[in-house]
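The values are calculated or read from the model by the stated rules, or taken from the named source; none is laboratory data. Because the structure is predicted, anything quoted here is derived from the model rather than measured. Ideal geometry is used to build each Cβ from the backbone, glycine not excepted, and the neighbour counts take in all protein chains shown. Surface areas here come from the heavy atoms of the whole protein model, side chains and all, with no ligands, DNA or RNA. Shrake-Rupley method; radii C 1.70, N 1.55, O 1.52, S 1.80 Å.
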Amino acid sequence: MPHHKLIARLRVVGGLSEQDQLRLTRIPYRVKSLADGEYVVREGDKPSSCIVVIDGFLARQRVVNDRNQISSFYLAGDMPDLPNLHLPIADCDLCSVGNSTIAAVPHSSLREMMTESLGLAHAFWRETLIQAAIYREWVENLGARQALGRLAHLLCELTTRMEFVGLADNGSFRIPLTQQDVADACGLSIVHVNRTIQELRGLGLIEWENHIVTLLRAQELQAAAEFSPEYLHELKPKRRNQSAELARRAPEHDRLALR
């Protein structure tokens, strides 16, 4: 059922009344399983439904100057194409990373539900704004950080977002990403990604085996990434966010000492 993770996601970032949660359990949808690399939406499509990720990962991507560029990852509970409610032509490809399961919810049903409930209209609008904030953070990550910081920031973000919907356990989570996917998301070569992963392992910050990632020293990884989760706009930030902020503000010599 698509509404479970969607409700979990919206409760974390937007807040939902019990009545609105009940409305979401009644939305009509069509479930589809996707193979690795299978497209949900292609650039130029005019979709008539919005996608809810039930399981797995989707990537928003475009080919730019003969290179594939991933501009966002979406996981369970995310609705990656909410803007298509008002922007009818898709401007990017939406593709499955590994095997995934999605639900397609008709635009007409979403519009009717948001007309009935100002709370849901607010929650979906807030979710759209948060996705835009994540996109801005990705632009800054690519433009301002070196390879280690880029990759560390990506891992910190994915960990936090997966914690929101109960998919991360003590800093450990499963992701289907290949080194090529990471390279496409971080604007690096596969060789550079491999070298950077080995550097993070060598510093004792992460383990990454068989698609299982574990953050061994999360605060130090956050410091290396200059990661602060405010841009994810959790309504009731947990203590981990306070730790992240302390790590971000630590003097440079303290950060180096942590390594």
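Computed values, structure above
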{"item": "Over the stretch 34-126, relative contact order from alpha-carbon pairs under 8 Å, at least 6 apart, %", "result": "41 percent"}
{"item": "Tensor-based shape of the stretch 107-201 (alpha-carbon gyration tensor, a/c under 1.5 rounded, otherwise prolate or oblate)", "result": "prolate"}
{"item": "The chain: DSSP helices with Cα axial extent of at least 27 Å and average Kyte-Doolittle hydropathy no lower than -0.5", "result": "118-144"}
{"item": "Highest average packing first - 187-195, 224-232, Cβ atoms within 10 Å", "result": "224-232, 187-195"}
{"item": "Amide H contacts of Ala76 (H built 1.01 Å from N, under 5 Å, at least 5 apart or other chain)", "result": "Gly56"}
{"item": "Bins of 10 Å from zero: percent of alpha-carbon pairs in the stretch 23-133", "result": "14, 47, 32, 6, 1"}
{"item": "Rounded to whole Hz, the Karplus (6.51, -1.76, 1.60) HN-Hα couplings of the stretch 66-75, x for glycine and proline", "result": "6, 10, 6, 10, 8, 10, 5, 10, 10, 10"}
{"item": "Helix-only [θ]222 nm of the chain, DSSP H runs n ≥ 4, -39500 (n - 2.57) each, per residue, nearest 500", "result": "-14500 deg cm²/dmol"}
{"item": "Environment charge of Leu232, counting only residues whose C-beta is closer than 9 Å and scoring Lys/Arg +1, Asp/Glu -1", "result": "-3"}
{"item": "Rounded accessible area per residue of the chain, 1.4 Å, Å²", "result": "49 Å²"}
{"item": "Accessible-area composition of the chain, carbon plus sulfur, in percent [1.4 Å probe]", "result": "51 percent"}
{"item": "D_trans [Stokes-Einstein, Kirkwood Rh over alpha-carbon pairs] for the chain, 37 °C, 0.692 mPa s, µm² s⁻¹", "result": "173 µm²/s"}
